[in-house]
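Input: a single structure, listed below in structure tokens.
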Amino acid sequence: MTTRPSAQLSRTPEILVRIAPVRPAEPVTPRATGRRVCRRYHAWIYTKLDISSLLLGDPGAVEPGGASPLPEMAGLPLIGHEEISVTWLSYAEYLSMFYEGEEALLELRRRLIGSISRGLRAILRLRPHAPRRLRIWWSTETPELDELPWEILLHGEHRPPRLSIVRGIPGRVVPPLSLREGQPLRVAVVDPTGGAPASLSEALEGLGSGIEVAWIEEDDARKALSAAIQAGFEVIHVVADGMVPLGLEGLLEFSGDEDDTLSSLELTAMLRGSSATILSLTPPETPRVGHGGMPAVYHAFAHFGHQSGDGPTIAAQLGPMHPRVYREFWRAFYERLAASLDVEDAMMAASQRPLLTPVVLFLRHRFGRQFTRQGDDARRSPTWPTLGAGQTPEGDVPLTPAQVTADLSCSRDLLDAAKTLEARYAALGLEFPGKGLIEREGQRQAALDEALDQSLSEDTEP
């Protein structure tokens, strides 16, 4: 993949915790007691912040045969190494704690705190200096770690102010999507089976003039999503069940028919270049029960979010919630989102008691907010060339930052493939016939990056 421009970095203070499984030189049989297995993971720490007082482990002092970390990720330098050692429960046993009440969740939190090293605990106890927030990226190479509610580790019973923990790898900084003056933030609810709990309807009623909610009346999930995309909704709230075939890929499931499923890859392709910026995932009133007597939907949501790549930012429910808590959370979430246009701020405002609100954020937008009502559309949507061959279409075509970013995402992969092919031609002593195309496309992408940087320089983050 092409290295992303270092100029497009977040102005929010960030720490990236990149987690990878320990791979010893000699095969080791994991310690197991019944269904429980203990596994170890590296936790590589990347940041530009001065956190030397935390006395993190030396990133160069990793045991032989361990993973080799990158010296820099997303413009953040590698500064330390810590470790996680998880004694795994069966998924059914873990999920059952959410049904057993707050005491069981406190016990789960104690177990998770005991699984991480001292330095990592110190990072999770950091408190930001007002008025800026501190963002901690929790990024895993293995999807099974996304099944655990690590946010409970960070926040405990009460969420600290201005502290945001999000999942994923920091990506490109995308300029916020411009909303017309007076335009409400629009939320489309996609519930093709009609299984949404009554608490969702109650949460979305009477949210005020800053937000508009529409229920898509369509019993086919793909048609409903297509209708929401074509109508230009900025937020899509999907009510779906889920499945994880072979314990790997997380699929959204709608009718109970295995053919009526949707992968993260397909949904990302559907949404690419659209106004749909945030995706919310919640289960139906009565999700189907899987192996172990527990719903598989939360398991599926965790894998779906992990695999969503360069798709939308996803707010996903990873455990059951009491109807009252569910109603209060989503109401507060959307009210705050409409007011601040910032999904992290909305999450911080809505989950004041994180133990009872297992909703997590797979963040794909590194800029401090996703929408803006400031400025005019002409500045937010300049005219940029978009054809992958480096040609400019006749007449200037105004595009949104989302469309330009989607163009770059696709064309970078194609350019990388062309460069790889060019290198193979060179190794054979042959001239690559597409050399001129590579040069023109490289120039076009550089111009788009410059335009995005200019758009970003005119904004400020909270």
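The values are calculated or read from the model by the stated rules, or taken from the named source; none is laboratory data. Quick caveat: nothing in here was measured; it's all calculated off a predicted structure. Cβ sites come from the backbone with ideal geometry, for glycine too, and all protein chains shown count toward neighbours. Just the protein is used for accessible areas: all its heavy atoms, side chains included, with ligands, DNA and RNA removed. Shrake-Rupley method; radii C 1.70, N 1.55, O 1.52, S 1.80 Å.
Assorted remarks:
- Cβ-defined net charge surrounding LEU363, 10 Å radius [Lys, Arg +1; Asp, Glu -1]: +3
- Protein-only accessible surface order, largest first, of GLU181, GLU82 at 1.4 Å: GLU181, GLU82
- Region 221-301, relative contact order in percent, only Cα pairs under 8 angstrom and at least six apart counted: 40 percent
- For the pair SER117 and ASP220 in one chain, pulling the backbone fully straight at 0.36 nm per residue adds 32.4 nm over the alpha carbon distance.
- The Cα-based radius of gyration of region 274-364, divided by its Kirkwood radius, gives an Rg/Rh of 0.97.
- These residues, SER255, SER85, go from largest to smallest accessible area, 1.4 Å probe, as SER255, SER85.
- In summary, region 189-279 shows an alpha-carbon radius of gyration equal to 1.12 times the 2.2 N^0.38 Å reference for compact globular proteins.
- Atom-type composition of the exposed protein surface of region 128-206 places 51 percent of the accessible area on carbon and sulfur (1.4 angstrom probe).
- Dipole magnitude (debye, nearest 20) for region 56-124, charges at Cβ of Lys, Arg, Asp, Glu: 120 debye
- Full-extension gain in nm, ALA426 to SER85, via 0.36 nm per residue minus C-alpha separation: 118.1 nm
- For VAL189, the residues whose amide H sits under 5 Å from its own are ALA214, TRP215, ILE216, HIS237, ignoring neighbours fewer than 5 places away on the same chain, with H placed 1.01 Å from N.
- Estimated dipole of region 116-157 in Debye, rounded to 20 [Cβ of Lys and Arg +1, of Asp and Glu -1, Cα centre]: 540 debye
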